[in-house]
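The values are calculated or read from the model by the stated rules, or taken from the named source; none is laboratory data. Please read these numbers as outputs of a predicted model, since none were measured by experiment. Virtual Cβ from ideal backbone geometry, glycine too; neighbours counted across all protein chains shown. Quick note on the areas: whole protein, heavy atoms, side chains included, nothing else; ligands and nucleic acids left out. Shrake-Rupley method; radii C 1.70, N 1.55, O 1.52, S 1.80 Å.
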Number of protein chains: 2
Amino acid sequence: MPSSPRIVPRYLTELETPVPIVDLDRMAQNLDTMAAYAAVHGLALRPHVKTHKATRIAAEQLRLGARGLTCATLHEMEVMSEVTDDLLLAHPPVGDPKIGHLLTMPGNVRLSVALDAPAALLPLGLLARDHGREVRVFVEVDVGMRRVGVQNADEAVALAERIVEFPTLTFGGLLFYPGHIRETPDMQGPALRRLEQDIGAIINALDDAGLRPPVVSGGSTPAGFRMHEVAGITEIRPGTYVYNDRTTAEIGACAWEDCALTVLATVVSTAVPGQAVIDAGSKALGREPLPAGAELGFGALLDRPEVTVMRMSEEHGVLDLGRTSWRPAVGERVRVVPNHVCMVVHSNDVIFGMRDDVVETSWPVAARGRGYERLTLAGVR
Amino acid sequence: MPSSPRIVPRYLTELETPVPIVDLDRMAQNLDTMAAYAAVHGLALRPHVKTHKATRIAAEQLRLGARGLTCATLHEMEVMSEVTDDLLLAHPPVGDPKIGHLLTMPGNVRLSVALDAPAALLPLGLLARDHGREVRVFVEVDVGMRRVGVQNADEAVALAERIVEFPTLTFGGLLFYPGHIRETPDMQGPALRRLEQDIGAIINALDDAGLRPPVVSGGSTPAGFRMHEVAGITEIRPGTYVYNDRTTAEIGACAWEDCALTVLATVVSTAVPGQAVIDAGSKALGREPLPAGAELGFGALLDRPEVTVMRMSEEHGVLDLGRTSWRPAVGERVRVVPNHVCMVVHSNDVIFGMRDDVVETSWPVAARGRGYERLTLAGVR
């Protein structure tokens with residue numbers, strides 16, 4: 001590849017766009033707030049790294065008291081094994097390639113997984129025995145999201161009984177993701193009461209079977225600051241809180257001023273009347289609707305939340321100027337708060353950290369992708 | 001990072017999922033078909049690399065007769081300068097960082113860009129003069145997509161007249177993207193006639209001004225095989241045709257059997273009745289609706305197109321089993337045809353090429369991302 005000038009940008013104006021930038025003060029505040037919440041309520045904090053995929057931020061979460069880390073992919077686990085020896089895969093490890101990858105994580109790492117079926121447990125149990133590797137297994141419970149998870153207390157008990165049959169597996173407890181609880185905070189009460197009842201029934205059934213769950217692990221950023229109200233929960237796994245986004249702000253889980261990551265973009269065309277086009281499209285912002293619907297656009301300007309990204313191509317975003325008198329010129333720069341920040345991070349290899357207009361630092365999104373480069377055929381380009 | 005076993009997979013069953021795999025025979029057929037179409041009709045073929053972002057495929061497109069390559073990002077240009085000396089940026093190059101990056105491409109590369117406004121032209125013209133670098137500038141025309149582009153012949157002539165005022169800029173011609181022409185082939189006729197009229201009027205006006213466009217560059221995969229019917233067009237820039245996807249098949253621009261890239265995924269849960277959950281979610285498939293609407297899901301199984309991915313989390317995809325008697329077991333593998341293949345490639349670093357059940361090769365998605373690693377601060381991790 002031809003060599004490019006390695007001019008490290010010092011000011012935001014020197015950054016090529018579109019580019020994800022993080023307000024370092026806001027991020028630090030977000031990290032502190034969640035750490036303090038967990039500490040005050042005696043909840044173990046096991047942040048989900050899917051949002052940032054960066055060892056540097058994970059290390060900071062651990063420094064602030066996190067018990068360990070939660071991952072969604074094997075590559076996230078492999079990368080995060082650099083900074084912690086306590087990793088939970090909150091995704092069913094199914095298929096020999098994936099289980100094999102799991103069992104070759106560094107030997108100092110305590111491995112935990114979550115699953116919901118004997119058919120997922122059996123191959124894991126056999127391979128763990130073959131590898132002589134201990135794995136802590138959580139029973140994943142469906143508490144209303146209708147995605148994965150056992151459906152009732154009987155299934156939970158049956159699965160826990162199967163787990164402890166394997167010599168190298170231990171029963172970790174219960175795990176659930178309350179992703180369906182996305183109402184505004186003052187509407188979450190009934191959902192949280194229902195959650196407490198459902199979880200309580202399963203805990204009691206396990207207790208009766210002599211399998212009291214050592215850990216009960218819940219979510220999430222949207223409902224994160226309410227988990228202490230649900231009796232029985234011992235651990236939380238929020239992810240998005242590190243950056244927050246338009247969705248968490250929209251549902252009241254954070255303030256607009258808590259959105260730490262924005263996509264810096266440039267107005268590249270105003271040729272079509274009534275709109276302005278920026279260089280951030282679906283490949284920079286993701287195409288994630290707000291819970292209230294896609295007609296609310298795919299992002300909004302940090303300084304002008306009434307201006308939204310209404311249409312996108314892969315590398316074009318169309319700003320709706322219908323609710324503003326602002327008329328940007330070609331070349332003007334804007335900062336877009338994305339609807340779902342995890343998807344923005346997922347497509348970027350580096351994030352820039354800034355204060356005011358100064359680029360202070362940058363970090364690699366080290367756990368981005370799948371890590372399949374290690375499997376590529378030698379000599380092929 | 002801890003070392004992983006470098007077992008190069010030989011069979012699909014050995015690949016960790018989710019993973020993008022390409023049927024090499026289908027891809028070769030797709031490449032041949034478009035090359036033959038362009039050759040038969042005397043159209044210059046300048047494939048858009050946004051779909052594959054891979055030098056190996058670009059080199060094959062060039063070997064099959066492509067005149068040069070089209071890019072959407074500066075990073076794509078930089079990577080593709082390895083395999084061609086003729087690159088078009090089909091995105092307005094606005095902002096000094098971007099223009100500076102453009103002008104430092106290897107000196108052997110003929111640089112072309114497209115833009116629609118004097119405000120975009122002026123900084124480019126000045127910086128190109130400062131660099132002593134020749135740039136060919138196309139006037140981008142809005143032919144109905146309402147995204148970017150001059151709105152009429154007067155604007156096109158005025159912009160072309162400005163281009164030739166700069167000593168190191170040349171007038172490349174007209175460029176448009178007919179992304180709005182996505183009807184099925186038998187419904188495209190009226191749109192193509194309208195396109196011919198609009199383009200013809202602009203060509204005539206430029207001719208009258210002594211600025212006959214040397215090149216008239218059009219799209220696209222959806223309307224790609226109809227461009228020869230539009231008088232005046234000399235060049236086409238299709239991208240998606242190399243892989244095709246559920247959208248191109250749905251609108252009739254290819255057959256289902258022409259879809260070359262699928263996402264291999266594993267069923268990880270069947271705990272919730274009436275559905276099966278795979279390990280390919282929005283981070284593997286993108287969240288791109290079909291033109292007919294998001295209620296048609298975000299992908300469909302290659303071998304069972306009636307089974308669609310109806311809901312997704314970041315790493316979970318929920319298969320709707322409502323139109324099939326098939327009931328997959330946990331551990332079963334499926335191949336998902338994504339709605340929009342460009343977004344799948346955009347989030348992967350490596351693609352595996354297969355024939356039957358054998359993994360024959362793999363290649364890096366070398367132009368993925370933004371290339372901002374070169375701008376990162378030394379020593380920061």
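Residues that are open to solvent by 10 Å² or more (accessible area, probe 1.4 Å), away from every other protein chain (no Cβ under 13 Å) and farther than 19 Å from A:GLY95 by Cβ occur at least once in region B:257-264.
Among the residues making up region A:208-231, those that are of a type outside the set (D, E, K, R) and open to solvent by 40 Å² or more (accessible area, probe 1.4 Å) are A:ALA209, A:GLY210, A:PRO214, A:PHE225, A:HIS228, A:ALA231. For region A:51-84, the set of residues classified as of a type in the set (Lys, Arg), open to solvent by 10 Å² or more (accessible area, probe 1.4 Å) and either under 30 Å from A:GLY100 (Cβ atoms) or touching a residue at least 40 places away in the same chain (Cβ under 8 Å) (or both) consists of A:ARG56, A:ARG67, listed by residue number.
Scanning region B:58-79 for residues that are in a helix (DSSP H, G or I) and of a type outside the set (Val, Ile, Thr) yields a count of 11. Among the criteria (1) closer than 21 Å to A:ALA28 by Cα; (2) in contact (Cβ under 8 Å) with a residue 60 or more places away in the chain; (3) not in a loop (DSSP other than H, G, I, E, B), the one A:ALA366 does not fulfil is (3). Would you check if there is a residue in region A:255-263 being outside any loop (DSSP other than H, G, I, E, B), among the hydroxyl-bearing types (Ser, Thr, Tyr) and farther than 30 Å from A:PRO213 by Cα? Looking for residues that are outside any loop (DSSP other than H, G, I, E, B), among the hydroxyl-bearing types (Ser, Thr, Tyr) and farther than 30 Å from A:PRO213 by Cα, one finds at least one in region A:255-263, hence yes. Of all the listed residues (B:ARG136, B:ARG146, B:ARG162, B:ARG182), the sole one being among the charged types (D, E, K, R), out of contact with any Cys (no Cβ under 6 Å at 6 or more places or on another chain), at pLDDT 95 or above and within 22 Å of B:HIS48 (Cβ to Cβ) is B:ARG136.
One line per residue, one yes/no per condition, for (1) buried (at least 20 other Cβ atoms within 10 Å of the Cβ); (2) touching a strand residue (DSSP E or B) at 6+ places or on another chain (Cβ under 7 Å); (3) closer than 20 Å to A:ALA255 by Cβ:
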| residue | (1), (2), (3) |
| --- | --- |
| A:GLU14 | no, no, no |
| A:THR17 | yes, yes, no |
| A:PRO20 | yes, yes, no |
| A:ASP23 | yes, yes, yes |
| A:ALA28 | no, no, yes |
| A:ALA39 | no, no, no |
| A:VAL49 | yes, yes, no |
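Go over the candidates A:VAL309, A:VAL344, A:VAL272, A:VAL359 one by one and state the one that is touching a helix residue (DSSP H, G or I) at 6+ places or on another chain (Cβ under 8 Å), β-branched (Val, Ile, Thr), within 14 Å of chain B (Cβ to nearest Cβ) and surrounded by fewer than 24 Cβ atoms within 10 Å (Cβ to Cβ). The unique qualifying residue is A:VAL359. When the residues of region B:96-124 are filtered to those that are in a strand (DSSP E or B) and either more than 10 Å from chain A (Cβ to nearest Cβ) or free of Cβ contacts under 8 Å to residues at least 12 places away in the same chain (or both), the one that is most open to solvent (accessible area, probe 1.4 Å) is B:ARG110. As a summary of the residue check, B:GLY353 satisfies the conditions (1) among the small types (Gly, Ala, Ser); (2) open to solvent by 10 Å² or more (accessible area, probe 1.4 Å); (3) more than 7 Å from chain A (Cβ to nearest Cβ); (4) in contact with a strand residue (DSSP E or B) (Cβ under 9 Å, 6 or more places away or on another chain) except for the one numbered (2). Among the residues making up region B:202-239, those that are hydroxyl-bearing (Ser, Thr, Tyr) and closer than 25 Å to B:VAL157 by Cα are B:SER217, B:SER220, B:THR234.
Being within 19 Å of A:CYS254 (Cβ to Cβ) and open to solvent by less than 50 Å² (accessible area, probe 1.4 Å) is the filter; apply it to region A:161-183 and report the residue that is nearest to the other protein chains (Cβ to nearest Cβ). The selected residue is A:GLY179.
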